[in-house]
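Step one of this worksheet: look at the structure below.
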Amino acid sequence: MNWQLQVALFNKLNVSAITSLVRGVYDHVPQADNAADDSQFPYITIGEARANEFDTDEVLGFDASCVIHVWGRKRGRKEVKQIQDQIYQVLHRANLTILGYDFISIDHQFAESFVDSDGLTRHGVQQFRVLFQNP
């Protein structure tokens, strides 16, 4: 179930409105040879997901929270926040196709941005709630 949800998020995030702003959407980010190399930025990673069951007598359902990370190196937070805004536009109340499941809803829960401990990298975090069930 978690893998199908990640595939659905990856497919939804790989649209031109987002890919025109980032170098990629990743599960595992290719590492640069030099930590100061900014050429891989900005990018998105699909992060943590937690799913809780909400079964009924007739249907097996899931209530999942999914985290999307944005990583940038431009000064200030404008770049990261613009990418987060576009992610919101693409995912909030959208329609996901989750293989093997009936999709119910996806809603934005929160967003934040901060400077990572390296002092160079801007990091944005967004969480979405996804509801889906077995057909």
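Laid out as a table, the results:
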item: Label-reachable residues, region 66-107, where backbone N falls under 18 Å from a point 7 Å from Arg50's Cα toward its Cβ; result: 66-69, 107
item: Cα lying deepest toward the dipole's positive end in the chain, options Ser65, Ile87, Ser39, charges on Cβ; result: Ser39
item: Lys, Arg +1 and Asp, Glu -1 on Cβ, resulting dipole of the chain about Cα centre, debye, nearest 20; result: 760
item: Loop-located trypsin sites (Lys or Arg not before Pro) in region 5-98, at most 15 other Cβ atoms within 10 Å (DSSP); result: Arg23, Lys74, Arg75, Arg93
item: Of the chymotrypsin sites (Phe, Trp or Tyr not before Pro) in region 61-115, those whose Cβ has at most 11 other Cβ within 10 Å and which sit in DSSP loop; result: none
item: Radius 12 Å from Cβ of Asp63, net charge of other residues (Lys, Arg +1; Asp, Glu -1); result: -1
item: Percentage relative contact order, region 30-135, counting C-alpha pairs under 8 Å, at least six apart; result: 29
item: For region 1-43 versus region 99-135, the gap between their alpha-carbon centres in whole angstrom; result: 14
item: Tilt relative to the chain, helix 2-13 - C-alpha long axis, 0 to 90 degrees, to 10; result: 60
item: Interchain or long-range residues, amide H under 5 Å from Leu60's placed H; result: Asn134
item: Karplus-derived 3J(HN,Hα), 6.51/-1.76/1.60, for each residue of region 123-134, Hz, glycine and proline x; result: 10, x, 10, 10, 10, 10, 9, 10, 10, 7, 8, 5
item: From phi via Karplus (6.51, -1.76, 1.60), per-residue ³J(HN,Hα) for region 54-60 in Hz, x at Gly/Pro; result: 9, 6, 10, 5, 10, 9, 9
item: Normalised contact order of region 40-93, rounded percent, pairs of Cα under 8 Å and 6 or more residues apart; result: 33
item: Cα-based helix-to-principal-axis angle, 78-91 vs the chain, degrees rounded to 10; result: 20
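No value in this document is a laboratory result; all are computed from the given coordinates. This is a predicted model, so every value here is computed, not measured. FYI the Cβ positions are ideal-geometry reconstructions off the backbone, even for glycines, and counts take in every protein chain you see.
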